[in-house]
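These notes are about the structure you will find just below.
The values are calculated or read from the model by the stated rules, or taken from the named source; none is laboratory data. These numbers come from a predicted model, not from an experiment. Neighbour counts run over all protein chains shown; Cβ positions are idealised from the backbone, glycine included. Heavy atoms of the whole protein, side chains included, go into the accessibility calculation; ligands, DNA and RNA do not. Shrake-Rupley method; radii C 1.70, N 1.55, O 1.52, S 1.80 Å.
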Amino acid sequence: MKQKTLLFIVALMSLTHLTYSQAQYQRSAVLEADSLLLPQQDLQWFRDAKFGLFIHWGLYSIPGKGEWSMFYYRNDIDEYKKLANEFSAKKYDPKKWMEIAKNAGCKYVVLTTRHHDGFCLFDTKFGDYDAVNSAAKRDLIAEYVDAARSAQMKIGFYYSPPDWRYPGYFFPNMYRSSAEKMKEQTYVQVKELLTNYGEVDILWWDGGSDEWLGAGGLEYSWEKAWHKRENDTPYTGDFSWEPLKLAKMARKLQPKMLINERGGWKGDFDIHEERFLTGKMDRLWEYCDNLALNGWGWRPIDKETLLSLEEILRYLVKIVSLDGNFLLNVGPDPQGEIEPELVERLEEIGEFMSKYGESIYGTRGGIYDETWGGTTLTDDAIYVHVLDIPSDGVIKLPATGEKIKTARYMNGNEKVSFIQNTHDITLKGVANKHNDIDVIIKIQLTPR
Ligand code: GLC
């Protein structure tokens, strides 16, 4: 079957529900599979890292309409592919990216090795839709990995099994052989990624769960996602990525690599995306969002939607208080450069991190209270992050078994008065003396 255009797919969309197999899949039990989960000690670096840089870069950066532009604008596949001839990566300098990430205080990076448009930044033997056969004429992932490794940055690979070039993705039952080919592609390419670049620290799946399958060619909307089916109605056809098989392969190739839950298998950690910050403490989790709010891939109007330092630090405090990680995204421009306005903001975050990093890195989440802020914990300290000073200057915290030695503002080292009893801890006279976004009080404990 010939893959032609997405328009063709849309035209056929009305037929599909008739052809869906009625076969119900008993998938859930399989997908739980705890045996593949990494042991605690291998998750520790990630728990402690707290802050990573997400990078969306690919052919979609050229039109500058976001990484979904091929889908939204129903681009003819062959036309879209021509962007590869312009993808020169002239200013691509992953060493610079790592420097930016490092200065921001990031401990890991995650780059889109391939997004839903199917174009690979790496050298793939599965076809020629890759950077080596683009104007860049080289394996951009190899350079990314080298740069990350020498900067001692942990390395993450984003990979999307969905590929919009395949009608079988939208209609797996009607175009079964196309779907199978796309599936084969995923297995081959993930194997390449996990074999050819040495140790990989994170496999960041996207779109590999059943909800995204058989979505037809309908418009995407935020509320309904892009389901042709009713919301929350699982795909019931008999095509499957076999997520557990994928996860087993990945685990075998990279025994210590963290895998997120967007590949179908439950994964080592959960993702919460864009505004939906509902972290759970019982699973390891990461929150991802954009530094400029108008999308993941580059757009020229980025700067207008750039988050302020205050907005970012408020997110950060909430996330770490709830024991999660923050993966903050930038979309480099078509040439591969991260724009100066974004770099500047990242540097500001870095200044905060280098001053107050001990209250973030390596901590565990404590409590979070919308009215004032949250706490992070270490073995011998409680860090109180006050974002909004209560009008009476009083903050009540849960009791702790250890005796408090001192309570001091991290900025200026001034003492904070407190009362400790068996029920709780009360901080008194809390004030913002230095016009800080996050007033951090370090409560030093004496371990019993
Ligand atoms: C969504 C989007 C995608 C983006 C990702 C980042 O899954 O489809 O464009 O890469 O979120 O979390």
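Quick notes
- For the stretch 20-359, the fraction of 1.4 Å probe accessible surface lying on carbon and sulfur atoms is 50 percent.
- Between the stretch 413-431 and the stretch 52-80, the C-alpha centres lie 52 angstrom from each other.
- Protein accessible area in the stretch 364-445, 1.4 Å probe - carbon and sulfur %: 48
- Working from Cα pairs under 8 Å separated by at least six residues, relative contact order for the stretch 308-431 is 19 percent.
- The distance linking the stretch 326-405 with the stretch 239-256 is 35 Å (Cα centroid to Cα centroid, whole angstrom).
- Average Cα contact separation per residue, the chain, under 8 Å, 6 or more apart, as relative contact order %: 17
- H423 - accessible surface, heavy atoms, 1.4 Å probe, Å² rounded to 10: 150
- Calculated from backbone phi, Karplus (6.51, -1.76, 1.60) coupling profile of the stretch 170-176 in Hz, x at Gly/Pro: 6, 10, x, 7, 6, 10, 4
- About its Cα centre, the dipole of the chain is roughly 740 debye, where the only charges are +1 on Lys and Arg Cβ and -1 on Asp and Glu Cβ.
- Integer Hz, Karplus 6.51/-1.76/1.60 couplings in order for the stretch 114-120, x for Gly and Pro: 6, 9, 5, 6, x, 7, 9
- Placing a label point 7 Å from the Cα of T422 along the Cα-to-Cβ direction, the residues of the stretch 391-407 with a backbone N closer than 19 Å are 397-404.
- On full extension, the segment bounded by I404 and L43 gains 126.9 nm, given 0.36 nm per residue less the C-alpha separation.
- Toward the positive end of the charge dipole of the chain, with +1 on the Cβ of Lys and Arg and -1 on the Cβ of Asp and Glu, the farthest Cα among T426, M153, Q41 is that of Q41.
- Classified by the C-alpha gyration tensor, the stretch 364-445 has a rounded form. Its axis ratio a/c, with a ≥ b ≥ c, is below 1.5.
- Length, then width, then depth: along the principal axes, the Cα atoms of the chain run 74, 49, 38 Å.
- Highest-MSF residue in the chain out of I62, I100, I425 [GNM, Cα springs under 10 Å]: I425
- Fully extending the segment from K90 to K137 would add 15.8 nm, taking 0.36 nm per residue of separation and subtracting the current Cα-Cα distance.
- Links that overshoot a 24 Å alpha carbon limit, given the list K245/K266; K318/K355; K102/K396: K102/K396
- Counting only protein chain heavy atoms and rolling a 1.4 Å probe, the accessible areas of I437, I443 rank, largest first, as I437, I443.
- Nearest-0.05 FRET efficiency for E347 and S35, computed from C-beta distance (R0 41 Å): 0.40
- Computed over the stretch 364-445, relative contact order equals 34 percent, with contacts defined as Cα pairs under 8 Å that lie 6+ residues apart.
- Estimated [θ] at 222 nm from DSSP helical runs (n ≥ 4, -39500 (n - 2.57)) normalised by residues in the chain, nearest 500: -8000 deg cm²/dmol
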